[in-house]
Amino acid sequence: MTDTATLQQSPLRAFHAEQGAKLVPYAGWELPLHYGSIGDEHLWTRSSGSLFDVSHMGRLRISGRHARRFLDRVCTRLVRGMSAGQCRYSLVCNEAGGCLDDVLVYCFADDDYMVVCNGANRAKIVEHFQQVKAAEDLSFKLDDQTLSTCMVAIQGPKVMDLIGGVSREVPTLKRYRFTVKNVLVMKIIVSRTGYTGEDGVEVILGANFARQALGMLLKDVGGEHAVVRPAGLGARDSLRMEAGMPLYGHELDETVDPISAGLGFAVKVDKGESDPQEGRFIGQDAIQRIASDGPTRRLVGLTLEGRRSPRQGMTVRHGGEDVGIVTSGCPSPSLGHPIAMAYVPTSLAEAGTTVEIDLGGGTPATVATLPFLKK
């Protein structure tokens, strides 16, 4: 059992307690699992809007002379050429092409960036970054701002209209763009990004003023007639599954390459070949081979009938043989039936293929194209 005294506290913990949250350990933090009903929170996000506390996500500010050069070395996407106010989804890989983490890179200027990484990977990524910096004699400053800031995601179809009541600029942002706003005596970073398949924003702000600033942005959050209500980790997981978004520790780990995971869009396979100033990224040789030869397995969606949901680690079978492993599974509140994601041989990855999942017996499942829910 985890000792709650050792868990990191969110700057919004008092708010969660007031709203009746069930708080649980997650990635070294104490965070809300739900406020009553995961299914209700999921559906409210799809129909109106929800606020998720994602303060556990790592926020690493990287600035200085070699900041861009360093990020082009550790990221699979091209950082050179990013404009101020742009976000870019990327992977950080090992030499074998396995994923150390998936991240968002924020560009403030040519020599000033922020990397948002998964909370459970923060220490590993900081160590990896420091090792690369030392090995390649690069000059930049790495400032871990995770504990001095708060991060929330505000997601749902009515969110941008609501934010339009307090900001003209934010609703005009394109996807994967951000702006820096002045609220009270601090700056807040508002990006049009998210992890639910819905429109909305993610907001990074100083920990000491988080509750007060959010009260100004969303005056009635959590109220009986509020457009935006709080939601927990449970709904965040089912929402991202419907949207076909991978979760580190489930669909991604150090043995999984981005191509097999369906994340080829986040890899510039020929990085540095036409322009040496771009630099080649760590793991590029291995990923190029996989992309050229084709992966032996692929991440797919699976749909099932009935009420029982697959869970991570369950076996996928075809023709009486074990062929794959479930990475995530849940009941889909929006679709009304169980869904799952799994790695299967490329030969079985075509939509419509029938396989079986061992739920204590062979339960039929159909391979589905990701995402399950298109918005």
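The table for this structure:
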read-out: Among (1) more than 18 Å from the chain's Cα centre (by Cα); (2) of a type in the set (S, T, N, Q); (3) not in a loop (DSSP other than H, G, I, E, B), the one test that S83 misses; value: (3)
read-out: Count - residues of the range 111-142 that are outside any helix (DSSP H, G or I), within 21 Å of the chain's Cα centre (by Cα) and either surrounded by fewer than 16 Cβ atoms within 10 Å (Cβ to Cβ) or not aliphatic (A, V, I, L, M) (or both); value: 3
read-out: Among the candidates R168, R175, residue that is modelled with pLDDT under 95, assigned to a loop (DSSP other than H, G, I, E, B) and of a type outside the set (S, T, N, Q); value: R168
read-out: Some residue of the range 228-236 being of a type in the set (K, R) and out of contact with any Ser or Thr (no Cβ under 8 Å at 6 or more places or on another chain); value: no
read-out: Residue within the range 137-151 that is acidic (D, E) and touching a residue at least 60 places away in the same chain (Cβ under 8 Å) present; value: yes
read-out: Meets criteria (within 20 Å of the chain's Cα centre (by Cα), within 20 Å of V159 (Cβ to Cβ) and of a type outside the set (K, R)) for V54; value: yes
read-out: Within the range 307-332, considering residues that are touching a residue at least 40 places away in the same chain (Cβ under 8 Å), under 22 Å from the mean Cα position of the chain (by Cα) and more than 16 Å from M245 (Cβ to Cβ), the one surrounded by the fewest Cβ atoms within 10 Å (Cβ to Cβ); value: P331
read-out: Any hit, the range 274-289, residues being touching a Phe, Trp or Tyr at 6+ places or on another chain (Cβ under 7 Å), part of a loop (DSSP other than H, G, I, E, B) and either of a type in the set (D, E) or closer than 20 Å to F372 by Cβ (or both); value: no
read-out: Wholly enclosed strands (runs of 3 or more DSSP E) of the range 308-360 bearing at least 1 residues at pLDDT 95 or above, among the charged types (D, E, K, R) and farther than 30 Å from E41 by Cβ; value: 315-318, 321-332, 354-358
read-out: Looking only at the range 17-40, and only at residues there that are assigned to a helix (DSSP H, G or I) and modelled with pLDDT of 95 or more, the one that is surrounded by the most Cβ atoms within 10 Å (Cβ to Cβ); value: I38
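The values are calculated or read from the model by the stated rules, or taken from the named source; none is laboratory data. All values reported here derive from a predicted model rather than from experimental measurement. Heads up, the Cβs are rebuilt from the backbone with ideal geometry, glycines too, and the neighbour counts pull from every protein chain shown.
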